[in-house]
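> The structure under discussion is supplied below as structure tokens; questions concerning it will follow.
The values are calculated or read from the model by the stated rules, or taken from the named source; none is laboratory data. Here the structure is a predicted model, which means the values were calculated and not measured. Cβ coordinates were reconstructed from backbone atoms using ideal geometry, including for glycine residues, and neighbour counts include every protein chain displayed. These accessible areas exclude ligands, DNA and RNA; they are computed on the full protein's heavy atoms, side chains included. Shrake-Rupley method; radii C 1.70, N 1.55, O 1.52, S 1.80 Å.
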Amino acid sequence: MSLETLQPVAVPVPAPGRSSRIRAAGARLDPLTKVVIALVVLILAVLIAYPLVRILAQAFSSDGRETLGRIFTSSTNRTILLNTVVLGLLVGTVGTVIGFAFAYAQARLKFKGKKLLHLIALLPIVSPPFAVATAVITLFGRGGLVTNKLLGLEYNIYGLTGLTLVLSLSFFPVAYMNLLGMLRSLDPSLDEAAANLGASKWKIFRSVTIPMLVPGFASCFLLLFVEAIADLANPLVIGGDFTVLSSRAYIAITGEYDVAAGAAYSLVLLLPGLLVFLVQRYWAERKSVVSVSGKPSGNILMITSAAGRVPLLAFVGLVAALIVGIYLTVFVGAFTKILGINNSVTLANYRYVLSGIGSDAMFTTTILALIATPVAGVLGMVMAWLIVRKVNRGRGVLDFIGMLGLAVPGTVLGIGYAVAFNKPFIIGNLQFLPALAGGAGMFGGALAIVMVYVIRSMPSGQRSGVAALQQIDPAIDEASTSLGASSLTTFRTITLPLIRPALLSGLTYAFARAMTTLSPIIFITTPKTKIMTSQILSEVDAGRFGNAFAYCTILIAIVLTVIGLMNLLIREPRVKTRSR
């Protein structure tokens with residue numbers, strides 16, 4: 001089992017450029033490919049375009065326009081907007097710094113325990129979004145084990161400070177994996193050339209390494225900024241009186257039953273998400289700053305001086321210890337009555353989770369995630385195949401729409417699904433879709449949840465597939481076609497096996513994301529379809545942290561187990577060699 005197969009939410013893999021447009025000029029699409037394209041467009045229209053259109057319609061209704069107008073005229077709304085921006089800026093900065101420190105230590109320092117540090121850095125990806133928040137409250141809250149019991153302080157962790165800490169620790173793995181890939185791709189000959197010219201390692205770091213990573217820093221900062229302002233779970237758990245746009249939209253929908261106002265707040269959240277996505281694509285296509293010249297042509301200059309190693313390793317070790325402490329709190333808290341107040345060992349938390357509502361939620365969530373995972377993985381590969389190999393005119397639009405599931409904040413998507421699918425889709429006297437979400441939806445609303453899982457997870461597979469296909473010579477496909485195989489047969493028997501690692505990466509990320517997502521799900525979960533993350537939030541709201549910790553440990557165990565099984569089932573077959 002390997003966590004290395006997990007892809008960050010949006011590793012900036014270059015979009016297909018002109019050089020990768022390998023389809024032969026004038027080649028015509030066969031009828032089967034046209035059917036596949038039509039089917040994919042229809043799926044995207046239902047999964048992402050229709051909910052967005054409905055949320056825009058609500059946001060620009062008379063009530064929605066009134067709310068939009070108040071966002072800049074009301075002092076309360078201006079404060080919420082300012083809170084959101086400040087939180088995004090802080091998390092973007094702190095998360096990028098932590099991610100860079102971890103990545104630089106991995107790529108440029110020699111020390112024991114690199115693999116362990118890598119696993120610790122990836123741990124937040126496979127855990128529920130508020131596991132960190134709940135543990136931080138237990139450790140550093142007013143009655144926290146560290147602040148109150150150990151140091152005798154009554155420190156209030158709720159608010160901006162707690163949110164910045166929790167969100168930075170939760171999202172920095174995205175920056176870590178992004179920057180680690182860039183550091184490993186840098187040509188070492190540049191460092192060697194600078195050293196041969198007499199530059200010190202500090203000067204090489206300042207004048208060579210850092211400038212080449214600037215696009216990566218900007219990309220990570222923007223990603224973390226959007227993740228922070230779009231997150232809903234942590235502001236609900238540890239936000240306190242610090243209200244942000246996502247929690248305000250949640251209150252408008254669930255507390256005030258004002259759908260138009262919720263849609264209007266969501267629209268404000270949607271704009272920076274799309275803007276960041278477009279900026280990322282622009283930088284990824286330009287690639288004018290990062291120098292990647294194929295295979296490394298020199299040896300990496302490792303940092304050996306104590307002045308460079310000690311401060312960095314101390315910082316990384318401190319953050320890693322904090323992460324380990326947080327997850328130990330989750331694990332120990334699951335076996336404790338009330339951690340910090342009544343530390344008696346008990347299995348009551350697990351008995352509660354594994355019986356009744358808890359077991360229903362666990363079973364339902366796992367089944368829905370297992371249904372959505374192969375759909376998202378295969379759909380992502382088909383999208384990549386169409387974008388790189390088949391579609392010539394309109395490939396950019398197809399790629400953009402496919403990536404919307406990632407660019408649109410989860411809160412916006414959830415409200416969009418609630419607005420779009422709670423009622424049947426009827427035009428005139430014709431019903432095109434039955435109600436899919438809500439208590440009256442098909443299968444108790446389970447189908448809408450699977451759709452959310454698919455559209456949120458599919459873009460990762462799409463990007464992995466695009467990157468993998470760009471590395472494969474199109475002559476292989478052309479040889480298959482010239483032998484009489486249809487496009488679909490070529491994709492199934494030639495292309496798909498060749499991009500097996502990308503498929504595994506897409507499946508792994510899809511399952512982990514489906515199991516741990518909350519922001520879009522909380523708006524469409526129903527009493528008939530209980531989801532673990534929603535149940536964990538309910539336990540945290542009720543102050544039953546022990547039950548929440550038990551839920552978290554079981555959820556993490558399920559995710560790691562399924563990821564391990566996927567690695568065993570889909571791993572690359574080893575080539576047997578015979579020595580003479």
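> Leaving out ligands and nucleic acids, note down the accessible area per residue over segment 83-203 with a 1.4 angstrom probe, in whole Å².
Computed with neighbouring chains in place, this is 39 Å² per residue.
> While we're on this one: Anything over 22 Å Cα to Cα? Flag those among Lys112/Lys203; Lys110/Lys203; Lys149/Lys337; Lys423/Lys530; Lys423/Lys528, in the order listed.
Lys112/Lys203
> Taking 37 °C and 0.692 mPa s as the conditions, I'd like the Stokes-Einstein D for the chain in µm²/s, using the Kirkwood hydrodynamic radius from alpha carbon pairs.
The Stokes-Einstein estimate is 130 µm²/s.
> Quick check: from the Cα gyration tensor, does segment 363-413 come out rounded (a/c under 1.5), prolate or oblate?
Cα axes put segment 363-413 in the oblate bin.
> Same structure, new question: Rank-order 242-249, 426-433 by packing density, defined as the average count of other C-beta atoms within 10 Å over each peptide's residues, highest first.
Descending packing order for the listed peptides: 242-249, 426-433.
> Label segment 213-282 by shape, choosing from rounded, prolate and oblate, from the square roots a ≥ b ≥ c of the eigenvalues of the Cα gyration tensor; if a/c is under 1.5 it is rounded, and otherwise prolate applies when a/b is larger than b/c, oblate when it is not.
Oblate.
> Could I ask something else about it? Using θ = phi - 60° and the Karplus relation 6.51 cos²θ - 1.76 cosθ + 1.60, list the HN-Hα couplings for segment 61-76 in order, rounded to whole Hz, with x at every Gly or Pro.
6, 4, 5, x, 5, 5, 5, 4, x, 6, 4, 9, 9, 7, 5, 5
> Largest first, what is the accessible-area ranking of Ser74, Ser207 with a 1.4 Å probe?
So the residues, ranked largest to smallest area, are Ser207, Ser74.
> Quick one: which residues, 5 or more positions from Arg142 or on another chain, have an amide H under 5 Å from its amide H? H modelled 1.01 Å from N in the peptide plane, none for Pro or chain starts.
Those qualifying (amide H under 5 Å, at least 5 residues apart or on another chain) are Ile157.
> Around Leu29, which amide H atoms from residues at least 5 apart in sequence, or from another chain, sit under 5 Å from its own amide H, with H modelled in the peptide plane?
none
> DSSP loop trypsin sites (Lys or Arg not before Pro) in segment 106-149 with at most 16 other Cβ atoms within 10 Å of their Cβ, which ones?
Lys110, Lys112, Arg142
> Here's another thing I want to ask about it. Counting only protein chains, not ligands or nucleic acids, how are Met458, Met177 ordered by accessible area (probe 1.4 Å), most first?
Heavy-atom accessible area, descending, gives Met177, Met458.
> Moving on. Can you give me the solvent accessible area of Asp541 with a 1.4 Å probe, rounded to the nearest 10 Å²?
Taking all protein chains as shown, Asp541 has close to 110 Å².
> Using a 1.4 angstrom probe with every protein chain in place, what is the largest-first accessible-area order of Ile522, Ile210?
Order by accessible area, largest first: Ile210, Ile522.
> Taking a ≥ b ≥ c as the square roots of the Cα gyration tensor eigenvalues, with a/c under 1.5 meaning rounded and otherwise prolate when a/b beats b/c, else oblate, which class fits segment 42-179?
Oblate shape, in that a/c is at least 1.5 and b/c is the bigger or equal ratio.
> Shifting gears a bit: How many Å² of accessible area per residue for segment 308-402, probe 1.4 Å?
Result: 45 Å² of accessible area for each residue.
> What percentage of the solvent-accessible surface of the chain, computed with a 1.4 Å probe over protein heavy atoms, is contributed by carbon and sulfur atoms?
Looking at the chain in its full context, I get 65 percent from C and S.
> Positive end of the charge dipole of the chain (Lys, Arg +1 and Asp, Glu -1 on Cβ, about the Cα centre): tell me which of Ile341, Leu406, Gly255 has its Cα farthest that way.
Leu406
> Moving on to the next point. I need the Debye-formula profile for segment 296-446: one equal scatterer per C-alpha, no solvent, reported as log10 I(q)/I(0) at q = 0.09, 0.17, 0.18 1/Å, two decimals.
Results for segment 296-446 at q = 0.09, 0.17, 0.18 Å⁻¹ read -0.69, -1.15, -1.17.
> Applying a 10 Å radius around every beta-carbon, put 543-550, 367-374, 32-39 in order of their mean neighbour count, most first.
543-550, 367-374, 32-39
> Taking amide H positions as placed 1.01 Å from N in the peptide plane, with prolines and chain starts having none, which residues 5 or more places from Leu433, or on another chain, fall under 5 Å of its amide H?
Hits under the 5 Å cutoff: Phe425.
> Ignoring ligands and nucleic acids, what accessible area does Tyr352 show with a 1.4 Å probe (Å², nearest 10)?
90 Å²
> Got a sec to turn the phi values of segment 178-194 into Karplus ³J(HN,Hα) couplings, 6.51 cos²θ - 1.76 cosθ + 1.60 with θ = phi - 60°, whole Hz, x for Gly and Pro?
With the stated coefficients, segment 178-194 comes to 4, 6, 5, x, 5, 4, 6, 8, 5, 6, x, 5, 5, 5, 5, 5, 5 Hz.
> To the nearest 10 Å², what's Val316's accessible area with a 1.4 Å probe?
Only protein atoms counted, so the area is about 0 Å².
> Something else now. When only DSSP loop residues count, what chymotrypsin sites (Phe, Trp or Tyr not before Pro) in segment 69-122 have their Cβ near at most 16 other Cβ atoms within 10 Å?
The qualifying sites are Phe111.
> Once you list every other residue whose beta carbon is under 12 Å from the beta carbon of Gly546, what net charge do they have if Lys and Arg are +1 and Asp and Glu are -1?
After counting each charged neighbour, the total is +2.
> So what's the net charge close to Arg309: Lys and Arg +1, Asp and Glu -1, counting the other residues with Cβ under 10 Å from its Cβ?
+2
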